[in-house]
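A.B. asks: Encoded as structure tokens, here's the structure I'll be asking about.
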Amino acid sequence: MVSKALSLLLLTAQVIGQASDTTVEKVTNYVENTSTPDTTSPSSDDIASNSTQPTFELNLGNSIEYYLNDQYRDPKALRKISRDLKAKKLVVLKDAFLPAFAEAVHYEMYHKIEYDMNEGYNDDGFQFHHHNVYEPDTLSDFMKGVVALFETDETKDFAYRMTGRDTFGEPNPAAPSYYAPGDYSMPHSDHYGQRTVAYVWHLTDDWRPEWGGGLYWCQETWNSAFTPASFNTLFLFNVHFDTQHHVTHVSRHAEGKRLAFNGWWVSEWWPDLDYDSELVEYLSVREHRDNLTMDQHDTLMDWLLRIEENDEEEPEEFLGLTDKLRLIREESYRPSLFTKYYGFDDEEDAMGEADEL
């Protein structure tokens with residue numbers, strides 16, 4: 001019996017085509033008219049001086065689709081967005097959600113939330129330092145509702161229809177984030193665990209680009225890779241091993257708060273030799289192999305290692321599996337810069353030789 005997620009992915013491959021070009025571009029223009037929408041949002045000082053907190057009722061529906069600004073609910077715009085997401089492009093939606101919704105969330109994040117500092121320094125060079133809320137129980141009822149809205153079955157289905165990815169897993173709750181002066185996040189791809197689609201909702205107002213805190217998309221050329229922190233801008237992208245990006249260092253001269261609301265939709269499918277009878281057929285499609293999550297990829301490579309080390313025979317119903325797994329290993333291999341420039345197979349040998357020069 002084939003899992004729900006695998007069945008949906010097999011059906012998706014039959015009805016949609018995904019671009020074979022792995023270049024990840026940034027796309028922002030989805031509005032037909034040339035008029036400039038009213039993007040005026042109250043400044044932080046204006047909000048602070050106003051005793052009335054902006055209010056908004058989450059009663060428009062159970063999917064984020066119903067809270068998008070009107071210009072992005074147009075079927076033609078949605079088709080364009082979906083096409084670019086399936087082509088592995090970064091989608092940037094300015095004035096993404098209804099202004100009243102964005103202002104209510106911004107007020108809560110600016111004035112009502114106490115953020116915890118999170119930092120990490122990994123041996124692979126990845127480092128981060130920023131402030132977040134990872135425990136929804138500490139949030140107001142309104143913000144709990146916002147977090148829940150991004151996790152409903154209806155929202156997951158909308159994300160699936162827009163991206164073609166399996167988004168039906170149980171994600172970690174979305175996290176309000178605050179990048180204080182000195183905060184940053186070094187380049188990373190988000191290709192971790194079962195993540196398939198990432199979203200980052202910028203909710204920063206009265207901000208100057210030179211204060212940092214912007215999204216830098218590493219696949220773009222230098223003159224268009226940086227998008228400054230802004231108010232009510234939504235970033236969406238299909239997660240792959242090469243979707244590298246980072247959040248630039250926030251200057252000590254920054255005023256106000258660099259705020260964002262971010263998270264991931266994740267896959268529920270897990271490859272299982274005792275369950276997925278159509279696994280070989282599924283892995284025969286290049287797009288499926290490219291779309292493997294990190295956990296799915298690692299599980300398949302563990303199988304291959306076990307088969308090769310123990311010289312096991314393939315089960316009859318999985319004939320051809322080993323060839324597909326070796327193909328995945330070949331396609332996912334990326335030589336390091338050291339291998340390219342020094343001719344060594346691993347970084348340690350290269351660095352050791354470099355020290356002797």
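A.B. asks: Report the full-extension gain for the segment residue 210 to residue 308: residue separation times 0.36 nm, less the Cα-Cα distance, to one decimal in nm.
C.D. replies: Full-extension gain reported as 30.0 nm.
A.B. asks: Filter 94/257; 80/257; 76/144; 76/156; 94/144; 86/112 down to the pairs with a C-alpha to C-alpha distance above 27 Å, please.
C.D. replies: As for pairs spanning more than 27 Å Cα to Cα, those are 80/257; 76/144; 86/112.
A.B. asks: Run the 1.4 Å probe and let me know the accessible area of residue 128, rounded to the nearest 10 Å².
C.D. replies: 50
A.B. asks: Then there is this: Can you work out the accessible area per residue across segment 64-266, with the rest of the protein chains kept in place, probe 1.4 Å, in square angstrom?
C.D. replies: Accessible area per residue: 41 Å².
A.B. asks: Give me the net charge of residue 177's neighbourhood, meaning all other residues with Cβ under 11 Å from the Cβ of residue 177; Lys, Arg count +1, Asp, Glu -1.
C.D. replies: 0
A.B. asks: Can I ask one more? Considering only protein heavy atoms, what is the solvent-accessible area of residue 144 at a probe of 1.4 Å, reported in Å² to the nearest 10?
C.D. replies: 80
A.B. asks: Something else about it: Please arrange 195, 79 by accessible surface area, largest first, computed with a 1.4 Å probe and ligands excluded.
C.D. replies: Reading off the accessible areas and sorting them downward yields 79, 195.
The values are calculated or read from the model by the stated rules, or taken from the named source; none is laboratory data. Owing to the predicted nature of the structure, the values given are computational and were not obtained by experimental measurement. FYI the Cβ positions are ideal-geometry reconstructions off the backbone, even for glycines, and counts take in every protein chain you see. Quick note on the areas: whole protein, heavy atoms, side chains included, nothing else; ligands and nucleic acids left out. Shrake-Rupley method; radii C 1.70, N 1.55, O 1.52, S 1.80 Å.
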